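What follows is a short report on a single structure.
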Amino acid sequence: MPELPEVEVVRRGLETHVVGRRILDVDVTGARTARRQPGGPAEIVARLRDQVVTGAGRRGKYLWLTLDGDHTAGADCLLVHLGMSGQMLVTATDAPRVRHLHARARLDDGRELRFVDQRTFGGWTVVPLAEAADGTGVLLPAPAAHVAADPFEPGFGELATARAIRRRDTEIKRLLLDQTVVSGIGNIYADEALWRAGVHGRRRAGSLTLSTVRGLLGHAREVMSDALDAGGTSFDALYVNVNGASGYFDRSLDVYGQAGRPCARCGTPVVREEFMNRGSHFCPGCQRPPRRAVARRPRSVR
């Protein structure tokens, strides 16, 4: 799944190439692309046609385009679900159609915005803006109102978030992945941040000091910033920017996907174990497992 850096790469591309453009017409051909819209493809077309794109927003992994209106609660926005393979591409209107093209919006500058989705877990939905549930007054797409702030937001409260994390009696990695606690951090960057902090993901949050948790949040922000500078992490051709180019941060990963290879810090072979139905990677030398986790005998293969 794309995480914060990959989504931010797309948002920046949309801000550069789509914001300020009027949508002349819309075509939604994929039924699954419109499955979250009560009125289906026809409603998306009707609510997007002749609208001006006035902004490109993101919180965590959520991405949206703001449209004509007063930008208050209730105004429309286009919420984009990238799913596992969704791509937002800006092309010439007469560019050849590609496989898995499920929606496109013709813009007033002779180009079009295309939504390509091979695995069809993503989609477009036109929804109202609503105030965030955290009481900050930030406007988000209504379906994302419950999502917590991410470490890149100017108003992100690192100290308050760290204190909230320490009050939870559960594993620290589980909380890093909880989008209602802190958003944008997925499996890849959680593993990388935990390695940088020297913390095992199965440590109980309450057993960590406040400074350790704050440091971990700082590492999460740093590793995602490094990934953003590299265009994100692309393991295949599915994760691309609006011009179709892949990121290359996968070349700089220290533990994620490195099972069996020596840790860059201490030389101990990196281990992979199952965690929340996904792979979790760590160095048993630098990130000492808690006693309860030692007995699990994690697998050392991918």
Just read off the accessible area of Trp64 with the full protein assembly in place, 1.4 Å probe, to the nearest 10 Å².
20 Å²
At 1.4 Å probe size, put Lys173, Lys61 in order of accessible surface, largest to smallest.
Lys61, Lys173
How much mean residue ellipticity at 222 nm does the chain get from its helices, if each DSSP H run of length 4 or more adds -39500 (n - 2.57) and you divide by all residues, to the nearest 500 deg cm²/dmol?
-7000 deg cm²/dmol
Within the chain, what whole-number % of the accessible surface is contributed by carbon and sulfur, with the 1.4 Å probe and all protein chains included in the calculation?
48 percent
Averaged per residue, what accessible area in Å² does the chain show with a 1.4 Å probe, protein chains only?
44 Å²
Which of Ala75, Ala95, Ala145 fluctuates most in a GNM of the chain (C-alpha springs under 10 Å)? That residue is Ala95
Can you give me the relative contact order of the range 142-218 as a percent, contacts being Cα pairs under 8 Å and 6 or more apart?
37 percent
Given the protein chains as shown and a 1.4 Å probe, how many square angstrom of His17 are accessible, to the nearest 10?
50 Å²
For the pair Met84 and Ser211, what calculated FRET efficiency results from E = 1/(1 + (r/R0)^6), where r is the Cβ-Cβ distance and R0 = 30 Å, to the nearest 0.05?
0.25
Everything considered on the Cα gyration tensor (a ≥ b ≥ c; rounded for a/c under 1.5, else prolate if a/b is larger than b/c, else oblate), the range 93-183 must be described as prolate
With all protein chains present and a 1.4 Å probe, how do Leu228, Leu139, Leu24 order by accessible area, largest first?
Leu24, Leu139, Leu228
Modelled label reach - Arg22, point 7 Å along Cα→Cβ, the range 107-122 residues with backbone N closer than 19 Å:
107-113
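The values are calculated or read from the model by the stated rules, or taken from the named source; none is laboratory data. As the structure is a prediction and not an experimental result, all values here were calculated from the model. A quick note on method: Cβ atoms are made from the backbone with ideal geometry, for glycine too, and the neighbour counts reach across all protein chains shown. Just so you know, the surface numbers come from the protein's heavy atoms only, side chains and all, with ligands and any DNA or RNA stripped out. Shrake-Rupley method; radii C 1.70, N 1.55, O 1.52, S 1.80 Å.
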